[in-house]
1. Quick one: residue 477 ticks every box in (1) open to solvent by less than 10 Å² (accessible area, probe 1.4 Å); (2) small (Gly, Ala, Ser); (3) within 30 Å of residue 426 (Cα to Cα) bar one, so which box is it?
2. Just give me the residues in segment 615-629 being closer than 28 Å to residue 535 by Cβ, of a type outside the set (A, V, I, L, M) and buried (at least 18 other Cβ atoms within 10 Å of the Cβ), in sequence order.
3. Consider segment 368-392. How many of its residues are among the hydroxyl-bearing types (Ser, Thr, Tyr) and either surrounded by 17 or more Cβ atoms within 10 Å (Cβ to Cβ) or under 29 Å from the mean Cα position of the chain (by Cα) (or both)?
4. What's the number of the only condition in (1) surrounded by 18 or more Cβ atoms within 10 Å (Cβ to Cβ); (2) modelled with pLDDT of 95 or more; (3) over 23 Å from the mean Cα position of the chain (by Cα) that residue 471 fails to meet?
5. Could you please find all residues in segment 462-497 being of a type in the set (S, T, N, Q), assigned to a loop (DSSP other than H, G, I, E, B) and in contact with a Phe, Trp or Tyr (Cβ under 9 Å, 6 or more places away or on another chain)?
6. Does residue 264 satisfy the condition of being touching a His at 6+ places or on another chain (Cβ under 7 Å) and at negative phi?
7. Is it the case that residue 459 is under 27 Å from residue 571 (Cβ atoms), in contact (Cβ under 8 Å) with a residue 60 or more places away in the chain, outside any strand (DSSP E or B) and touching a strand residue (DSSP E or B) at 6+ places or on another chain (Cβ under 9 Å)?
8. Could you count how many residues in segment 582-611 are free of Cβ contacts under 8 Å to residues at least 40 places away in the same chain and farther than 22 Å from residue 73 by Cβ?
Amino acid sequence: MKTMQLKAIPLALAAFLPPLTQAADGGESSITLGEVPVHAPGMGPLPTGRILTSVDILGGDQVADKQVMNSWELLGQMPGVQLTETRMGAESGKATFRAFNGEGYINGIKVLIDGVPSNVNSGNQRFIDMIFPLEVEFIEVVRGTNDPRYGLHNIGGNVNVGTRQGGNYSEARVTYGSFNTREVQLAFGQESAGWTQNYFVARQTSDGQRDHARSEKYTLGGKWFYTADQGRWTAGLIARMYHHEAQEPGFLTASELAARRSQSPAKNANDGDDRDMQQLSAHLDLQLADSLSLSNKLYLNSYLDDRRVTFTSYPSGNAPRQRRQWDEVQTGLMSTLTWRAHSYLTLEGGANLEHQDNEYRRYRYSYSLPTNFSATPARVQNNEHYTLDNLGGYVQALLQPTPELRITPAFRVDKFSGETVSRITGTQAELQDYGWIRQPKLSVLYALSPALNVYANWGKTFQVLTGSQAPAYLTAGQVAYRPSINTGKEVGLKGQPWGGAEARVALWQQDATDEVANMPSTGTTVGLGQTRRKGLDFQFTQRLGTQWTLWFSHAIQEARVVSGTVDGVSLAGKEVFSTPRHITNLGAEYQANAQWRFSLQGRAQGDYYIDNQNAQGKYGAYAVLDAGVRYTLSPQASVDLQVRNLLDEKYEYVWYDNFFWGGNNQPMFSPAPGRGAFVSLNLKM
């Protein structure tokens, strides 16, 4: 496997540096940093950075030494990426962008691992927890609506996490730090005579920054690939398994937060999660002719989760004390045919088929303190067996009529079907018929000079309802929902204004029809109607000699309801809840000599409304600073010291509880970790 080496820079710069383009090559608008695998010329599907115009690609060498509790946190230093830090055991949080929040109501970001779809049925990003930093080979982020390769959940863009493949290495990373955090990661790779095998194992335990927040998880993965006939065909198998047991400290009221941030209320003493996930995929890539290639992926995802959760101790009713069990199995096939007809014309077409066979059970318990989940449930709220089938396909062309100009038109269609059966009532229902969902797209890039590119894109994506019952599945008298069609557009400019400096600015907007805030796990559905998301992204970096690098980015965004009502009250002009108006990153790195490296990274996020009517005030703003020091002992060993939240900033994830308190509605808080220090030993054997 060929790789390209770029100058090593800190993780936070991954989103800031535009590529060095050449007019003769038509220019690029993607960002590629670090050591990243690339296809041999003229083979395989088109690289993402050649066909799309809002792409960031980050090499694994830039993330392998980052200490995080969850891998979605690695995306937090990229411009415009919002982190929703719920920190409730296995329900730890997620990364989103393009003004889609992480509340779970509108899951607008598609996640893939090694190109395999990796969202659960609701669209949540739980499979990404299977990956640890040392296993990452690259992270690829595509923003906006112009990517035709994926349909379901690909509303605002997608994230593809590629794991290491090929090479000869044996590496280990051992970490100990605050909150009694202990982590071991082991990676092994071997490549010989066309065969590659890669193995990864990791274990992490932590007591957490709060009471009743212990977490223990481990992951095990293997990849086996064989390439023959001078690289004209490659076949491989990837297997991965993950187990996580975690306590949940519970959300705090304002008074509980003020009394002691680290407490876990008595009601949550039995709360926790037991989660298992597996992923198995078979890959076959064929070079059918010099200009024709075919890529295939056959996959199986398994998700088994048992969550016990208590939202409030309000003593009336049994709604807040719940046990939720998911049992989901996804099987799918993806095929892509690429024809490089000429130097100025490439055609690509793809098809995907996915079948989901799922179960969801939800039990409610009578009031007790703490909740007694071993007792007989007061009520069985959900017990459904349901299926979801998705057939999709796309075509796109890469046109390059001149060396400076690149045009990429594309068109995608998707169709859905399925049924659900209630094991409580025996009622059967069909998934509502959306018909064929059509999604035209267009991307254009023009290289004004070797140092300056202008680009634009336009495209449509969609949102459809998921879950185990209505409103996704229609019962008698149920009102049908049309698919929400998102139309996005963007213009951008990337260049190098002076020596050592690089800058990027992009203006974007995304309009949605019939948007629905839908959380299948709680049976909550709110029709928001027409919405508009828009924003401005600015990034800048400056290199000073060979030792200093400075960077800054600022993303301004807004999500508003254009027209829509909830309970007869208009939402027109209201901001979509839990969406901050700005996200800022800044930092510096100093390479003192061959042994010592120092870095500072800062991140700030604006506050946000927590309710549909924007009547409960704003919460959630923060500004945190992380620091790191690396000392290289030898070519085979190094030591890292990382201090996260250096200034011990007090901030929280906040949501509005308006359905669990029996009318006594109020904000609920999940405190973020305070200052934490972590020491890691890195070994290459």
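The values are calculated or read from the model by the stated rules, or taken from the named source; none is laboratory data. These numbers were taken from a predicted model, which means no experiment stands behind them. Ideal geometry is used to build each Cβ from the backbone, glycine not excepted, and the neighbour counts take in all protein chains shown. The accessibility values were calculated without ligands, DNA or RNA, using every heavy atom of the protein model including side chains. Shrake-Rupley method; radii C 1.70, N 1.55, O 1.52, S 1.80 Å.
1. (1)
2. The answer is 619, 620, 622, 626.
3. Adding up the residues that qualify gives 3.
4. (2)
5. 468, 469
6. So residue 264 fits the description; yes.
7. For residue 459, the condition - under 27 Å from residue 571 (Cβ atoms), in contact (Cβ under 8 Å) with a residue 60 or more places away in the chain, outside any strand (DSSP E or B) and touching a strand residue (DSSP E or B) at 6+ places or on another chain (Cβ under 9 Å) - is not met.
8. The number of residues fulfilling the criteria is 5.
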